[in-house]
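Following: one structure in C-alpha cells, then a few remarks.
The values are calculated or read from the model by the stated rules, or taken from the named source; none is laboratory data. None of these values were measured; they are calculated from a predicted model. Here Cβ is always computed from backbone atoms with ideal geometry, including for glycine, and neighbour counts include all displayed protein chains. Surface accessibility is based on the protein's heavy atoms, side chains included, excluding ligands, DNA and RNA. Shrake-Rupley method; radii C 1.70, N 1.55, O 1.52, S 1.80 Å.
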Amino acid sequence: MNTPLPGYEEAAALVADHAAQLGRILPTLERVELERASGRILAQPLAADRDQPPFARSTRDGFACRAAEASTHRPLALVGAARAGDAPSGPLPPASVWEIMTGAPVPTGADAVMMIEHVETSGGAESRGAVAGKVRLLPPRSVEPGENIVAQGAQAREGDQLLEAGTVLQFGQIALAASCGYAALHVFRRPRVAILTTGDELAAVDAIPRPGQIRNSNAPMLAALVAAAGGEPWILPTAADNAPALDALLAPAATADLLLVSGGVSAGKFDLVEPALARLGARFHFTGVRIQPGKPTVFGELPRGAGSPSPTLPFFGLPGNPISSAVTFLLFAAPVLAALAGRRQSAPRFALARLAPPVDRHGKPGLTRFLPALCDFGSPAGQPPQVALVPWHGSGDLEAMARSNCFLVVPEEAHSLEPGDLVRILLS
Ligand code: AMP
Ligand code: MG
C-alpha cells in the first residue's frame, strides 16, 4: 500500500466511527439474576419503584426536633423513639423531641435532627430508648431546618429513570437495582470473539516446545482481554503459516461477532493474514498505524452471508508480539467489542500521571509509542499518580508486561519526556 499510514488519533477516530455503526445493531437480550450481573451491560432502563429515600430519613443518631425550638436551647420533652425499620411516626407535639437512630424515618412535624453528641439530657432521657425526660441543644450550637435529614424523594422520585440501557453494571448500579426491587435484569448477550493465533513457531501451552518453538501465550492473553472487555472468548486452533491452513480456520470464524487474528500481519514472507482476509472479500479500514508497538495492525470488515443480523464481521489483525497484541487490543479492538456488547461508552481509558525516572529516549520519530509502565495510584492526596517505565527488551518481553499495569503514551511529536512531566497512560 502506498497511502500513508494513519497516526494514532486518526486510527482511533476511524475505529470510533465504525464502532458506532457496528453498535447500532444491538445484541440479543438475556435475563440474569442480580448476583450474577456484575460486569454485564444493562439492556433495559432501570426505574425507581418508589421515592428514594422512601421516607424522610435521619442520617444521624440523635433527636428529631423543630430546628427553631431546639436553637432556643430550652429543654424539650422527650416523647418517643424511632429506630431504623420503624414505620414513620408522629406528629411531634410542640416543644418536644423524638429520639431517632440513623436510617429511621423522621416523625412528621420534625424538621431537623440534633446529633446525640450535641445535646445534654436529663430526667431519664440519658438512657437510650427512654421516652421521658428532657433534651437540650448545647449552646452555642444551633440547628438548621433540614439538618441531618434526607428528605423523601431527594435522591429519586418514583418512576424516575435511574440508569439507561448500555450502562455497565458494577457494584453501584447493582446496589441501586437491588434498592429498586430488581432481583434479575435484562442484559445484552456477550459478543462472541473468535481468537485465531497464527505462526509455525507456536507450541501449545501444555506441550514441550521443540527447539526454535515458543509457547502460544497470545491465545490465553487475548482470551483474558476479551473476557475483561465483556466478550466471550472463542479460541480457535492455531493456524500454521500457509494459505490453506489460514483459509480453513478463518471459514468457521465467520459465525463470531468479532474476529481477532494474532500474528502474520507484518510485511514478512510468511505474513499471510491480509491476503487470506482479502480472499474472503475483506474491506480494510486501515492496514497499519503509526504506533509502536503495533504498527502493522489491520482493521476491517468481512461480508457475511445473506440473512445474518449484522451485515459484516469486524476483524482485527494484531501483530503477534505479545505487547503489540495487548496494546493494539486495548487501543482498537476493545472499543469495537464494547460497541458490539451494547455499551454506551467505548473509548480506551487514559489517565494522567507524573513521570518518574528512568526515561526512554530511543523512540523513532513519527510514531506514538505505548511503553509498559508501572503506575503507583497511591500518591498523596492532591498529587497525580506516579508512573515509571518498566525496563524492557522490546514487544516480546512478557516478563516486562507482567510487571507493568499500564502503558505510558509517548506522543508522536514528543522527542523527550523528562522526569516530573505530566504524561498520559493507557489503562487496561
Ligand atoms: P508475527 O506478527 O507473526 O510476525 O509475530 C511476531 C512475533 O511474535 C513472532 O516472532 C513470535 O515471536 C511472536 N508471536 C507470534 N504469535 C505469538 C503467540 N500466539 N504467542 C506468543 N508469541 C507470539
Ligand atoms: Mg507469524
Item to check | Net dipole in debye of the chain [+1 Lys, Arg Cβ; -1 Asp, Glu Cβ; about Cα centre; nearest 20] | outcome: 220 debye
Item to check | Two-decimal log10 I(q)/I(0) for segment 188-237, as the Debye equation yields it once each C-alpha is a single scatterer, q = 0.25 Å⁻¹ | outcome: -0.88
Next on the checklist: Given points 7 Å out from each Cα along the Cα-Cβ axis, report the Ala16 to Ala254 separation in nanometres with one decimal.
Outcome noted: 3.4 nm
Checklist outcome for this item: Under the rule rounded for a/c under 1.5, else prolate if a/b exceeds b/c, else oblate, using alpha carbon gyration tensor axes a ≥ b ≥ c, segment 337-388 is classed as oblate
Item to check | Most mobile listed residue (Arg344, Arg136, Arg50) in the chain, GNM with C-alpha springs under 10 Å | outcome: Arg136
Checklist entry - Two-decimal Rg/Rh of segment 125-215 from alpha-carbon positions, Kirkwood Rh? => result 1.42
Item to check | Partner lysines for Lys295 [C-alpha distance under 23 Å; skip if fewer than 8 residues away on the same chain] | outcome: Lys269, Lys364
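At a Förster distance of 25 Å, what's the computed FRET efficiency of His393 paired with Gln213, Cβ-Cβ distance as r, to 0.05?
On the way: r = 19 Å, r/R0 = 0.77.
So the FRET efficiency works out to roughly 0.85.
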Checklist entry - What is the distance in Å between the Cα centres of segment 143-178 and segment 49-77? => result 21 Å
Checklist entry - Could you give the alpha-carbon Rg of segment 37-186 over 2.2 N^0.38 Å, rounded to two decimals? => result 1.28
Checklist entry - For the chain, with the dipole built from +1 on Lys and Arg beta-carbon atoms and -1 on Asp and Glu ones, taken about the Cα centre, which of Gly366, Leu337, Gly62 lies farthest toward the positive end? => result Leu337
Checklist entry - Counting every Cα pair in the chain, what percent are over 42 Å apart? => result 38 percent
Checklist entry - If one puts a single equal scatterer on every Cα of segment 349-416 and applies the Debye formula without solvent, what log₁₀ I(q)/I(0) results at q = 0.14, 0.15, 0.20, 0.23 Å⁻¹? => result -0.43, -0.49, -0.84, -1.06
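If eta is 1.306 mPa s and T is 10 °C, what Stokes-Einstein diffusion coefficient results for segment 197-272, Kirkwood Rh from Cα pairs, in µm²/s?
119 µm²/s
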Next on the checklist: Quick check: the angle from helix 243-253's long axis to the longest principal axis of the chain, C-alpha only, nearest 10 degrees?
Outcome noted: 30 degrees
Next on the checklist: If I model a spin label as a point 7 Å beyond the Cα along the Cα-Cβ vector, how far apart are those points for Glu120 and Glu158 in nm?
Outcome noted: 4.6 nm
Checklist entry - What is the extension gain from Asp86 to Ser127, computed as 0.36 nm multiplied by their sequence separation minus the C-alpha to C-alpha distance, in nm to one decimal? => result 12.8 nm
Checklist outcome for this item: Extension length gain for Asn242 and Leu280 (0.36 nm per residue less Cα distance), in nm, is 12.1 nm
Checklist entry - Between Thr72 and Phe270, 0.36 nm times their residue separation minus their Cα-Cα distance comes to what? => result 62.5 nm
Item to check | Sequence of Ile195, Ile208 when ordered by accessible area, the most exposed leading, probe 1.4 angstrom | outcome: Ile208, Ile195
Next on the checklist: Net charge around Leu246, counting only other residues with Cβ within less than 14 Å of its Cβ (Lys, Arg = +1; Asp, Glu = -1)?
Outcome noted: -4
Checklist outcome for this item: Against the 2.2 N^0.38 Å rule of thumb, the C-alpha Rg of segment 269-327 sits at a ratio of 1.23
Next on the checklist: Quick check on segment 75-179: of the DSSP beta bridges with both residues there, what percent are antiparallel, nearest 5%?
Outcome noted: 55 percent
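Per Stokes-Einstein, at 10 °C and 1.306 mPa s, what whole-number D in µm² s⁻¹ belongs to segment 276-397, with the Kirkwood radius over Cα pairs as the hydrodynamic radius?
Diffusion coefficient, whole number: 94 µm²/s.
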